1. I want the local charge near residue B:157. Using Cβ-Cβ distances under 9 Å, sum +1 for each Lys or Arg and -1 for each Asp or Glu among the other residues.
2. Go ahead and set up a Gaussian network model of chain A, Cα springs under 10 Å, then flag whichever of A:68, A:199, A:53 fluctuates most.
3. Would you tally the net charge around residue B:45, using a Cβ to Cβ cut-off of less than 14 Å, leaving residue B:45 out, and scoring K and R as +1, D and E as -1?
4. How far apart, in nanometres, would the label points at residue B:145 and residue A:60 be if each is projected 7 angstrom from Cα along the Cα-to-Cβ direction?
5. Comparing A:103, A:170, A:271, which has the greatest mean-square fluctuation in the GNM of chain A with Cα pairs linked when under 10 Å apart?
6. Among residues other than residue B:87 whose Cβ falls under 12 Å from its Cβ, what is the net charge (Lys/Arg +1, Asp/Glu -1)?
7. What spacing in nm lies between the two simple spin-label points modelled at residue A:238 and residue A:38, each 7 Å away from Cα in the Cβ direction?
8. Taking residue A:245 as the anchor, which aspartates and glutamates have their alpha carbon closer than 14 Å to its alpha carbon, excluding any fewer than eight residues away along the same chain?
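What follows is calculated from the coordinates using simple rules that are stated; it is not laboratory data. Here the structure is a predicted model, which is why all the values come from computation and not from measurement. Virtual Cβ from ideal backbone geometry, glycine too; neighbours counted across all protein chains shown.
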Amino acid sequence: MLTLSESQLRSAVEQVAGGEAAADDSGSLVCLLCLEPSTTPAETTLEGALNCLIEACQPSPVVMHVELAIVGGDGKISHFATYLAQRAEFREEQADSKSFYTRQTAGRWRAIPIARSRLASMVQKESTKEVGAPYSLARYITSVPPFRALAAALPSRPGSAGHCATIAARILKRAFPGLLTNSSGWYSPSTLAIELNQLLPRTHHFLSETRSMKATGEEEEANEALQALLIGNDADVVRANPVAKRQSIENLAMRACDPDADEVGLAVAQRQLANSLLRASFT
Amino acid sequence: MMLSSRQKLLLFSNNPPDEITFDIIVANGVEPAAIRAAKLPLSMLKEMGMEHVMLSRQLGFDAMDLADGPFAADALAAFGRDAVVDAFLGEAGDAVCLAGSAAATILKISVEELLQRCVAAPEEAAAVLQQQIPRALALTGVGALTLLDTGLRATALIRLGIDRVIVEKLTGASGTRLELLGF
């Protein structure tokens with residue numbers, strides 16, 4: 001039988017406590033950014049046809065595209081995405097990202113928060129393994145009901161081909177086993193969003209449990225950062241303290257998964273969370 | 001601010017000046033349609049010397065322009081929400097344009113704010129509510145007094161799918177106010 005002296009026991013407890021503190025510092029919040037359909041006509045016929053197909057084959061509410069926003073403990077936000085005819089990549093370093101996220105597609109994003117211990121660092125690590133994975137439009141087939149049975153047979157190794165939802169699901173499944181119920185090939189953008197929305201109460205519980213009491217000054221700074229992200233101009237956003245921005249995003253994430261909120265309240269909070277994430281990242 | 005030859009020609013079909021400033025654009029009466037065709041967002045006009053977003057109204061930009069998501073996002077980035085909303089959300093017609101648009105999301109414009117611009121304008125108020133999804137929750141955050149001020153009454157509200165129970169629950173309207181609304 002294993003026995004521990006009091007000092008050994010205390011040391012073990014301190015190590016666990018230290019580990020959890022480090023986990024909190026590494027970030028526990030990841031958001032699934034969901035792009036809603038555009039109300040303006042597509043620029044090309046091919047784009048229009050693809051959009052029609054994606055809308056027709058998915059359950060409501062229709063989501064055209066999903067990607068991951070990883071909120072690091074230092075306030076840095078990484079965006080990992082797979083776009084049509086491109087390879088999977090981190091988007092914050094792309095030259096056209098600011099224009100794409102904060103202008104062209106502004107107002108069409110919703111963010112579904114997912115928070116678990118050390119999730120951000122795990123998702124970051126798994127995303128890095130997926131850099132360069134090729135886009136595959138054909139993989140949409142296994143996200144449509146008659147062909148979903150085949151989804152489990154598709155390769156799900158890091159770097160194998162997929163569309164935006166396949167690769168996002170693959171990363172989440174490996175980063176947090178048990179989070180998603182189906183194989184990664186099963187998911188379309190809409191079904192991934194629907195399933196993660198069902199997990200919001202757990203995210204809310206986790207955020208409530210791990211939220212530490214902040215000093216009044218810190219809370220005030222977080223509120224100022226929130227105002228800058230939601231209604232300020234770009235100069236206000238740049239001026240805001242990165243740690244306060246992270247705190248304000250976590251506060252918004254709490255609202256975006258509030259189990260007491262009605263449908264409208266949740267939608268508004270998820271849109272505000274997405275706007276804030278994108279402005280914090282690309283301003 | 002360096003503009004391409006194409007942008008210059010779109011702004012000034014004949015003899016475009018070498019250097020184009022905001023004052024030159026105003027002095028020459030350049031139309032908003034030409035400015036948008038030249039892909040000059042408000043943030044670029046700001047860099048060219050437009051000190052306040054209200055000046056864009058003088059150029060002829062209106063709520064219809066702001067309803068466009070990228071235009072609204074750019075205006076927010078350049079001037080901040082309050083200045084943009086003050087400039088573009090003035091009357092009932094503006095509220096109808098902005099209701100349900102991407103701009104309402106980007107600029108955090110509430111239904112209460114939209115209805116406040118619809119005083120004694122029941123048709124416009126109805127159009128604002130009609131564009132909210134889901135309609136049954138359109139009155140979330142709206143005060144009973146604001147609703148009364150619009151002139152919207154029970155018949156029109158019921159036609160929109162908003163009954164007495166919804167009005168009472170979402171606006172907190174008392175018995176007297178519900179009666180004034182026609183319920």
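1. Here the charged neighbours net out to +2.
2. Comparing A:68, A:199, A:53 in the GNM, the peak value goes to A:53.
3. On the way: positive: B:36, B:39, B:46, B:57; negative: B:23, B:31, B:47, B:51, B:65, B:74.
With Lys, Arg at +1 and Asp, Glu at -1, the net is -2.
4. Going from the residue B:145 label point to the residue A:60 one covers 3.8 nm.
5. A:103
6. On the way: positive: B:57, B:81; negative: B:62, B:65, B:82, B:86, B:94.
Cβ neighbours under 12 Å give a net charge of -3.
7. Roughly 2.8 nm, to one decimal.
8. Reachable aspartates and glutamates: A:74, A:218, A:219, A:220, A:221, A:224, A:234, A:236.
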